[in-house]
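Have a look at this one before I ask anything.
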Amino acid sequence: MELFTNQVLAGIATGAIYACMALAVVMIYQAIDHLNFAQGEMAMFSTFISWQLMQWGLPYWVAFVVTLAFSFAGGIAIERVLFKPLTKAPILTQVAGFIALYSIINSFAGLTWDFTIKQYPTPFGSSPFLGSQLISTHQAGMIGITLLLLTGLYFFFQYTRVGLAMRAAAAVPESARLVGINTSWMIALGWGMAAAIGSIAGMLIAPVVFLEPNMMGGVLIYGFAAAVLGGLTSPFGAVLGGFLVGIFENLAGTYIPHVGNEMKLPIALALIISVLVIKPAGLFGRNIVKRV
Amino acid sequence: MSAVEEIASQTPAVQAVPKRAMTLSAGTAFVIVLLLLVVPLFVKNFIIFQMTMLLIYGLAVLALNILTGGSGQFSLGNSAFYAIGAYTSAILMEQYNVNYALTLPVAGVICFGAGFLFGQPALRLSGVYLALATFALATAMPQILKLGFFEHWTGGVQGLVVTKPDAPFGLPMSQDMWLYYFTLAITIAIYVFSVNLLRSRSGRAFMAIRDNEIAASAMGIDVATYKTLAFGVSAGITGVAGGLGAIAVQFVAPDSYTITLAISLFLGMVVGGVGWLPGSFVGSAFIIFVPNIAEGISKGLSGAVFGVLLFLVIFLVPHGSRQVAMVAQQLLGKLRKN
Amino acid sequence: MTALLNVKDLRAYYGQVQALHGLSFSLNEGSLTTLLGANGAGKTTTLRAICNMVRSTGAIEFEGKPLNNKSTESIVRFGIAHVPQGRGTFTNMTVEENLQLGAITRGDKAAIVADIERMYSYFPKLKERHTQQAGTLSGGEQQMLAVARALMLRPRLMLLDEPSFGLAPLVVRDLFGILGRINRDEKVSILVVEQNAQLALELADQAYVIETGRIVMSGAAADIANDENVRKSYLGY
């Protein structure tokens, strides 16, 4: 039993990483209605920017804020330059665009900062949290920031005019235009916010997985899985999904025989798919009734 | 959780492509086949090998095209079926001394079965959910192939070396050239089969499901059967391509069949034009040659160059090579009128 | 009276297909005008062309300012509220959020709150349900919500696309009564597209009849309603 509790705790700790990423995934899904495969690379790039700023001598929190602003602007710029022209292209073509973006960012980061892994600092320290060996203060801080972010997003979408306009633009674009909302800019704003949230995820994750151009590969997949599990329409579901995926992954590694590190991912995914087969819109997603 | 169910008028993810627009005219097809027959006689072995690979990946893209362009289901997992096909051929040839030509139908049948089975749970999923499920399959496959349990057959991480067959009946041609013509014959056969499949009753059912699943079931189409059938056929063709690929490359190993392969196939489909079968081979050329070109332009930034080239293609022709073909056809039509 | 909206030689296209073949008409300030015609005549297309939601050529002027080549959302900011066919409800948002969305281009917070209350006085049903998800409303209630949402813009002109569609006759009477009141009390000019010609002619003061993308008849609503020939050949009652 103690093993079980410990593994659940450890799962929550890793789950915080996925929750953070899942939040960014849901954010952009709300804005553009599909998954952005390049999101992990965007987060990785932001994290490198913050690392570079710190190398140049800026203190952590200054680098953090500058990176946030850079990512927000960068997300908007990417949408305006690369994806706005593709608005009318078929969905699968846009997905190909995400893959192209992935390839470009990954390649640039590799050339600029090379592929050696780098230490990344944490502002929370890494001593045991409340005397538990399983959760460090960094991981606790990460969970705290994720929950803070979630609350912030909730208030933004529920109680601000821009938040309302963004939701409207994503839900029924045509009606949104008819009440005077510039839906095209709402999409750009969604990209900006997703990039900013992604950068926070990247900066929180980097102390755990270390900094290198391929650091987000696995994380993004778990982030997707968490978002899908929680229901792509619900930021709350995404965060919960993140924790669940973390727990799934750890328990599978502990209790199912022959599960090496490499089989953890397929097994976690298989579990998620089983959930989806039973509940196709995710645990907290809205069912979409299709009309003929 | 909200109690309300959102009502969305369904817009299919894949654009409707009419049946006729899915294929080539007889004249064009004849010219292309003629070129494919004659060109190898005048080029080096390495180029023949690349042409073989073009046909093989073309088949795999075609298979994905039947699934996505035909029945509207999206798969990132076809690399898994490709792997199963490749390993089936390799194991039969190397462990059981089966003739290479005979291993291909076996690979096809086994993959058809695997695809059909996988199509069952996939029935309840669509869009991003199906993408995630197939993605899981693609990531799991290399790990499964590495498992110690199968090592006796698969050779584990090391993989298996496959011997390249000689030309039969003492024909005076190189191994590469023989394999090319062998592949070409199979490719043409599968292509003709695919065209006919999409023109048949089943093909119409696929497309009805693609365009509007609910309306299709209301018209009495057995949606479940046809969707799993599409998965099966797609996987079967991919399996044959995988078998051919194993013979052509002379080697199978788990890490040749990762998610990267699935993504390549997907890009090939988009560049070729979703739902346009001949485009599969254009897309195949893209995924074989463009990475090399990118590497030629800049070694350090080859990924970035590839991404930029890909962006250029989708900016210029968001509907892939189908769009180019359509424009060309219109121009020809105008020329004829004048 | 000055013309509020002036449309000249309007042609609209869906891809290669031309749906409007040179339509010209004008609306007076404060009028309630109806656009009648059979299925496929081009009524909806006309409204969509005014808001630039379909490719079109020709001149569209609103209060003397050209609307051509302006985006849909900026046309709305001129004070043109469009209630689309199918109502365009934000189904997964609450009734109140739908109303707030109608006023999203306005910055005057206090006035918005007051306007929401005014909408509730026109449509008391909406007040009862203001925290409910808009998708759970009945068809009639959703139509009222759509009209209220459009009014939240404080428009100069309201375009209504078949407001009677799919509603019970009693509900339609009710709704049309309110439209008349809005036209009088709020000084909102209204252009309403209808298939239910009889009812629309009772409500409107001006009427245009279109057929296959052309205006075939125009005049005072009462005159058209009294002309038996017109009624029989174009309006089918």
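Just to be sure before I move on: is A:Thr137 surrounded by fewer than 18 Cβ atoms within 10 Å (Cβ to Cβ), within 14 Å of another protein chain (Cβ to nearest Cβ) and either in contact (Cβ under 8 Å) with a residue 12 or more places away in the chain or touching a helix residue (DSSP H, G or I) at 6+ places or on another chain (Cβ under 8 Å) (or both) in the structure I sent?
On the way: surrounded by fewer than 18 Cβ atoms within 10 Å (Cβ to Cβ): yes; within 14 Å of another protein chain (Cβ to nearest Cβ): no; either in contact (Cβ under 8 Å) with a residue 12 or more places away in the chain or touching a helix residue (DSSP H, G or I) at 6+ places or on another chain (Cβ under 8 Å) (or both): yes.
For A:Thr137, the condition - surrounded by fewer than 18 Cβ atoms within 10 Å (Cβ to Cβ), within 14 Å of another protein chain (Cβ to nearest Cβ) and either in contact (Cβ under 8 Å) with a residue 12 or more places away in the chain or touching a helix residue (DSSP H, G or I) at 6+ places or on another chain (Cβ under 8 Å) (or both) - is not met.
Which residues, counting only those in region A:111-124, are hydrophobic (A, V, I, L, M, F, W, C) and more than 10 Å from chain B (Cβ to nearest Cβ)? Please lay out each step first, then the result.
Restricting attention to region A:111-124, the residues satisfying the condition of being hydrophobic (A, V, I, L, M, F, W, C) are A:111, A:113, A:115, A:117, A:124.
Answer for region A:111-124, where residues must be hydrophobic (A, V, I, L, M, F, W, C) and more than 10 Å from chain B (Cβ to nearest Cβ): A:Trp113, A:Phe115, A:Ile117, A:Phe124.
Please work out if A:Thr93 is away from chain B (no Cβ under 14 Å), assigned to a helix (DSSP H, G or I), surrounded by 18 or more Cβ atoms within 10 Å (Cβ to Cβ) and modelled with pLDDT of 85 or more. Spell out how you get there, then give the answer.
Values: away from chain B (no Cβ under 14 Å): no; assigned to a helix (DSSP H, G or I): yes; surrounded by 18 or more Cβ atoms within 10 Å (Cβ to Cβ): yes; modelled with pLDDT of 85 or more: yes.
Considered against the rule, which asks whether it is away from chain B (no Cβ under 14 Å), assigned to a helix (DSSP H, G or I), surrounded by 18 or more Cβ atoms within 10 Å (Cβ to Cβ) and modelled with pLDDT of 85 or more, A:Thr93 comes out as no.
Across region C:103-147, what is the number of residues that are within 12 Å of chain A (Cβ to nearest Cβ) and among the hydrophobic types (A, V, I, L, M, F, W, C)?
Of the residues in that region, 6 qualify.
Restricting to region A:145-171, name every residue that is buried (at least 23 other Cβ atoms within 10 Å of the Cβ) and either away from chain C (no Cβ under 14 Å) or not in a helix (DSSP H, G or I) (or both). So that I can check it myself, show each step before the final result.
Applying the first criterion (buried (at least 23 other Cβ atoms within 10 Å of the Cβ)) to region A:145-171 yields A:146, A:165-166, A:168-169.
Matches in region A:145-171: A:Thr146 only.
Taking region B:117-143 only, how many residues are more than 8 Å from chain A (Cβ to nearest Cβ) and free of Cβ contacts under 8 Å to residues at least 12 places away in the same chain?
Summing the residues that are more than 8 Å from chain A (Cβ to nearest Cβ) and free of Cβ contacts under 8 Å to residues at least 12 places away in the same chain in region B:117-143 gives 1.
Please verify whether B:Lys164 is closer than 24 Å to B:Thr258 by Cα, away from chain A (no Cβ under 14 Å) and basic (Lys, Arg), treating the condition exactly as stated. Full working, then the answer.
Numbers: closer than 24 Å to B:Thr258 by Cα: yes; away from chain A (no Cβ under 14 Å): yes; basic (Lys, Arg): yes.
So B:Lys164 passes the test.
Could you give every pair whose Cβ atoms fall below 7 Å, whose first residue belongs to region A:50-66 and is in contact (Cβ under 8 Å) with a residue 60 or more places away in the chain, and whose second residue is among the hydroxyl-bearing types (Ser, Thr, Tyr) and crowded, with 17+ Cβ neighbours inside 10 Å, counting only separations of at least 6 or pairs across chains?
A:Ser50/A:Thr67; A:Trp51/A:Tyr120; A:Phe64/A:Ser50
Between a first residue in region B:312-324 that is in contact (Cβ under 8 Å) with a residue 60 or more places away in the chain and under 17 Å from B:Val290 (Cβ atoms) and a second residue that is hydroxyl-bearing (Ser, Thr, Tyr) and surrounded by fewer than 19 Cβ atoms within 10 Å (Cβ to Cβ), which pairs have beta carbons less than 7 Å apart while being 6 or more apart in sequence or on different chains?
Going by the 7 Å Cβ cut-off, there are no qualifying pairs.
For every residue, the table says whether it meets (1) closer than 19 Å to A:Pro207 by Cα; (2) of a type outside the set (A, V, I, L, M, F, W, C); (3) surrounded by 17 or more Cβ atoms within 10 Å (Cβ to Cβ).
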residue: A:Ala10; (1), (2), (3): yes, no, yes
residue: A:Thr14; (1), (2), (3): yes, yes, yes
residue: A:Tyr18; (1), (2), (3): yes, yes, yes
residue: A:Val25; (1), (2), (3): no, no, yes
residue: A:Ile32; (1), (2), (3): no, no, yes
residue: A:Gly40; (1), (2), (3): yes, yes, yes
residue: A:Tyr60; (1), (2), (3): yes, yes, no
residue: A:Ala63; (1), (2), (3): yes, no, yes
residue: A:Phe72; (1), (2), (3): no, no, yes
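A further question on this structure: From the list B:Ile66, B:Ile56, which one is within 26 Å of B:Ala215 (Cα to Cα) and within 12 Å of the chain's Cα centre (by Cα)?
Values: B:Ile56 fails: within 26 Å of B:Ala215 (Cα to Cα).
One residue alone meets the criteria, B:Ile66.
So, A:Leu101, is that one within 30 Å of A:Ile12 (Cβ to Cβ) and in a helix (DSSP H, G or I) or not? Steps first, please.
Details: within 30 Å of A:Ile12 (Cβ to Cβ): no; in a helix (DSSP H, G or I): yes.
So A:Leu101 fails the test.
Return yes or no: is A:Phe108 out of contact with any helix residue (DSSP H, G or I) (no Cβ under 6 Å at 6 or more places or on another chain), under 30 Å from B:Gly268 (Cβ atoms) and within 14 Å of chain B (Cβ to nearest Cβ)?
Values: out of contact with any helix residue (DSSP H, G or I) (no Cβ under 6 Å at 6 or more places or on another chain): no; under 30 Å from B:Gly268 (Cβ atoms): yes; within 14 Å of chain B (Cβ to nearest Cβ): yes.
Answer is no for this residue.
Can I ask one more? Check A:Thr233, A:Thr254 and return the single one that is among the polar types (S, T, N, Q) and either free of Cβ contacts under 8 Å to residues at least 40 places away in the same chain or in a helix (DSSP H, G or I) (or both).
On the way: A:Thr233 fails: either free of Cβ contacts under 8 Å to residues at least 40 places away in the same chain or in a helix (DSSP H, G or I) (or both).
Exactly one residue qualifies, and that residue is A:Thr254.
Moving on to the next point. Within region C:13-32, can one find any residue that is assigned to a loop (DSSP other than H, G, I, E, B) and without any contact (Cβ under 8 Å) to a residue 24 or more places away in the chain?
Let us first name the residues in region C:13-32 that are assigned to a loop (DSSP other than H, G, I, E, B), namely C:15-16, C:29-31.
Then drop every residue that is not without any contact (Cβ under 8 Å) to a residue 24 or more places away in the chain, which leaves C:15-16.
Yes: one or more hits.
Would you check which residues across region C:148-169 are of a type in the set (Asp, Glu) and within 12 Å of another protein chain (Cβ to nearest Cβ) and list them? Working first, answer last.
In the first step, residues of region C:148-169 are kept if they are of a type in the set (Asp, Glu); the result is C:161-162.
Passing the criteria: only C:Asp161.
A follow-up question, please. Just to verify a result, which residue in region B:191-221, among those that are touching a residue at least 12 places away in the same chain (Cβ under 8 Å), over 23 Å from the mean Cα position of the chain (by Cα) and assigned to a helix (DSSP H, G or I), is surrounded by the fewest Cβ atoms within 10 Å (Cβ to Cβ)? Steps first, please.
From region B:191-221, those touching a residue at least 12 places away in the same chain (Cβ under 8 Å) are B:191, B:194-195, B:197-199, B:202-214, B:221; that's our starting set.
Among the residues that remain, those that are also over 23 Å from the mean Cα position of the chain (by Cα) are: B:212-214, B:221.
If we keep only those that are assigned to a helix (DSSP H, G or I) as well, we get B:213-214.
Values: B:Glu213: 20, B:Ile214: 13.
Selected residue: B:Ile214.
Every residue, every condition in (1) in contact (Cβ under 8 Å) with a residue 12 or more places away in the chain; (2) surrounded by fewer than 17 Cβ atoms within 10 Å (Cβ to Cβ); (3) touching a helix residue (DSSP H, G or I) at 6+ places or on another chain (Cβ under 7 Å); (4) over 24 Å from B:Phe74 (Cβ atoms), yes or no:
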residue	(1), (2), (3), (4)
B:Thr154	yes, no, yes, yes
B:Val161	yes, yes, no, yes
B:Lys164	yes, yes, yes, yes
B:Ala189	no, yes, no, yes
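Could you list, in sequence order, all residues of region A:3-60 that are in a helix (DSSP H, G or I), aliphatic (A, V, I, L, M) and either within 14 Å of another protein chain (Cβ to nearest Cβ) or in contact with a strand residue (DSSP E or B) (Cβ under 7 Å, 6 or more places away or on another chain) (or both)? Give the derivation first.
Residues of region A:3-60 that are in a helix (DSSP H, G or I), as a first pass: A:3-32, A:39-55, A:60.
Then drop every residue that is not aliphatic (A, V, I, L, M), which leaves A:3, A:8-10, A:12-13, A:16-17, A:19, A:21-28, A:31-32, A:42-44, A:49, A:53-54.
Of everything in region A:3-60, those that are in a helix (DSSP H, G or I), aliphatic (A, V, I, L, M) and either within 14 Å of another protein chain (Cβ to nearest Cβ) or in contact with a strand residue (DSSP E or B) (Cβ under 7 Å, 6 or more places away or on another chain) (or both) turn out to be A:Leu9, A:Ala10, A:Ala13, A:Ala22, A:Val25, A:Val26, A:Ile28, A:Ile32, A:Met42, A:Met44.
Shifting gears a bit: Take B:Phe306 and decide whether it is under 30 Å from B:Val162 (Cβ atoms), among the aromatic types (Phe, Trp, Tyr), part of a helix (DSSP H, G or I) and under 13 Å from the mean Cα position of the chain (by Cα). Walk me through it before giving the result.
Details: under 30 Å from B:Val162 (Cβ atoms): yes; among the aromatic types (Phe, Trp, Tyr): yes; part of a helix (DSSP H, G or I): yes; under 13 Å from the mean Cα position of the chain (by Cα): no.
In short, no.
If you go through region A:202-254 one residue at a time, how many are within 14 Å of chain B (Cβ to nearest Cβ) and among the acidic types (Asp, Glu)?
Number satisfying all stated conditions: 1.
For region B:223-242, does any single residue satisfy the condition of being crowded, with 24+ Cβ neighbours inside 10 Å, in contact with a strand residue (DSSP E or B) (Cβ under 7 Å, 6 or more places away or on another chain), away from chain A (no Cβ under 14 Å) and among the aliphatic types (A, V, I, L, M)?
no
How many residues are of a type in the set (S, T, N, Q) and closer than 25 Å to A:Phe124 by Cα when one looks only at region A:200-236? Walk me through how you get there before you give the answer.
Filtering region A:200-236 for residues of a type in the set (S, T, N, Q) gives A:214, A:233-234.
The next check asks that each one be closer than 25 Å to A:Phe124 by Cα; those that pass are A:214.
So the answer is 1.
So in region C:84-102, with the set limited to residues that are buried (at least 20 other Cβ atoms within 10 Å of the Cβ) and more than 8 Å from every other protein chain (Cβ to nearest Cβ), which one is farthest from C:Leu137 (Cα to Cα)?
Step by step, filter region C:84-102, then rank; the result is C:Leu99.
With the requirement that a residue be at the interface with chain C (Cβ under 7 Å from one of its Cβ atoms) and either touching a Phe, Trp or Tyr at 6+ places or on another chain (Cβ under 7 Å) or assigned to a helix (DSSP H, G or I) (or both), what does region A:172-188 give you?
First, pick out the residues of region A:172-188 that are at the interface with chain C (Cβ under 7 Å from one of its Cβ atoms): A:172, A:174-175, A:177-182.
Answer for region A:172-188, where residues must be at the interface with chain C (Cβ under 7 Å from one of its Cβ atoms) and either touching a Phe, Trp or Tyr at 6+ places or on another chain (Cβ under 7 Å) or assigned to a helix (DSSP H, G or I) (or both): A:Val172, A:Glu174, A:Ser175, A:Arg177, A:Leu178.
Restricted to region A:275-292, and to residues that are within 8 Å of chain B (Cβ to nearest Cβ) and exposed (fewer than 12 other Cβ atoms within 10 Å of the Cβ), which residue is modelled with the lowest pLDDT? Spell out how you get there, then give the answer.
Let us first name the residues in region A:275-292 that are within 8 Å of chain B (Cβ to nearest Cβ), namely A:276-277, A:280, A:284, A:286-292.
Those left that are additionally exposed (fewer than 12 other Cβ atoms within 10 Å of the Cβ): A:291-292.
Working: A:Arg291: 46, A:Val292: 43.
Once the filter is applied, the top-ranked residue is A:Val292.
The values are calculated or read from the model by the stated rules, or taken from the named source; none is laboratory data. Source: prediction; values computed, not measured. Every residue, glycine among them, receives a Cβ derived from its backbone with ideal geometry; neighbour counts consider all protein chains shown.
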